[in-house]
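One structure is given here, and the rest of the page talks about it.
The values are calculated or read from the model by the stated rules, or taken from the named source; none is laboratory data. Just so it is clear, the structure is predicted and the values come from calculations on it, not from any experiment. So basically every Cβ, Gly included, is an ideal-geometry build from the backbone, and we count neighbours across all protein chains shown. Just the protein is used for accessible areas: all its heavy atoms, side chains included, with ligands, DNA and RNA removed. Shrake-Rupley method; radii C 1.70, N 1.55, O 1.52, S 1.80 Å.
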Amino acid sequence: MPPIVLLALQALFLLLLYLFVARAVRAVLRDLRAPAPSTRQQPPPRQPAAQRAPAAAAPVTGGAAAGRATSPAASAAPAAGARRGRGATPRQLVVHHPDAKPQVVDLDGTEVRLGRNSACEVTLRDSYASDRHAKVFPHESGWALADQGSTNGTYLNRHRLQDAALLSAGDTFTVGKTVVEVRR
């Protein structure tokens, strides 16, 4: 090859190398300047309903007790009359996205699906959420939350959800790294 071609290739390679290093430094600087993630404290977990209720009470599916099903044959629907202490029927969900402003979703009688899929009513930009992660649906005694077979699970009041569970105002659940607050 003629020396001029080798010199041109060498200059092109050096230019590409400098561009790569400049972009890498820019990405690191952008990450350093970004605001720190929220260090907001989560409220302490509520006592399971079984510890607050008298011993003769029927088993409850909901809230903090939702992650501890007593039998694998437990139904997918929440138990009727399984309201917890606060007892307020939820009317809104406040979705706290990790990198965006909170989103308020009104519970108007229709199912609300959460996930990365654009067909979901609440679309998440969260790499820890599944395409169809969880759903909030109307139930005869209020609103219920169910995991849709997600990889990382759905946590209601810091307890992994095994079966559908009734929601009350004041509950929080996480879908990936997204925190959802249940409001009256």
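Details
- Complete set of residues in the range 136-177 that are over 18 Å from ASP126 (Cα atoms), open to solvent by 30 Å² or more (accessible area, probe 1.4 Å) and part of a strand (DSSP E or B): PHE137, PRO138, HIS139, HIS159, ARG160
- Condition check for VAL136: under 16 Å from VAL112 (Cα atoms), touching a residue at least 60 places away in the same chain (Cβ under 8 Å), out of contact with any Cys (no Cβ under 7 Å at 6 or more places or on another chain) and of a type outside the set (Asp, Glu): no
- Residues that are within 16 Å of the chain's Cα centre (by Cα), in contact (Cβ under 8 Å) with a residue 24 or more places away in the chain and open to solvent by 60 Å² or more (accessible area, probe 1.4 Å) within the range 105-125 comprise ARG113, ARG125, listed in sequence order.
- Residues of the range 100-130 satisfying the condition of being farther than 15 Å from THR174 by Cα and either among the aromatic types (Phe, Trp, Tyr) or in a loop (DSSP other than H, G, I, E, B) (or both): ALA100, LYS101, LEU107, ASP108, GLY109, THR110, GLU111, ASN117, SER118, ALA119, CYS120, GLU121
- Considering only residues in the range 21-42 that are loosely packed, with under 10 Cβ neighbours inside 10 Å and either under 20 Å from THR178 (Cα atoms) or aromatic (Phe, Trp, Tyr) (or both), the one that is modelled with the highest pLDDT turns out to be ALA34.
Residue-by-condition table, conditions (1) modelled with pLDDT under 90; (2) closer than 14 Å to VAL182 by Cβ; (3) not small (Gly, Ala, Ser):
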| site | (1), (2), (3) |
| --- | --- |
| ARG91 | yes, yes, yes |
| VAL112 | no, yes, yes |
| GLY115 | no, no, no |
| SER150 | no, no, no |
| ARG160 | no, no, yes |
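- For SER141: the one exception among (1) under 15 Å from VAL94 (Cα atoms); (2) modelled with pLDDT under 90: (1)
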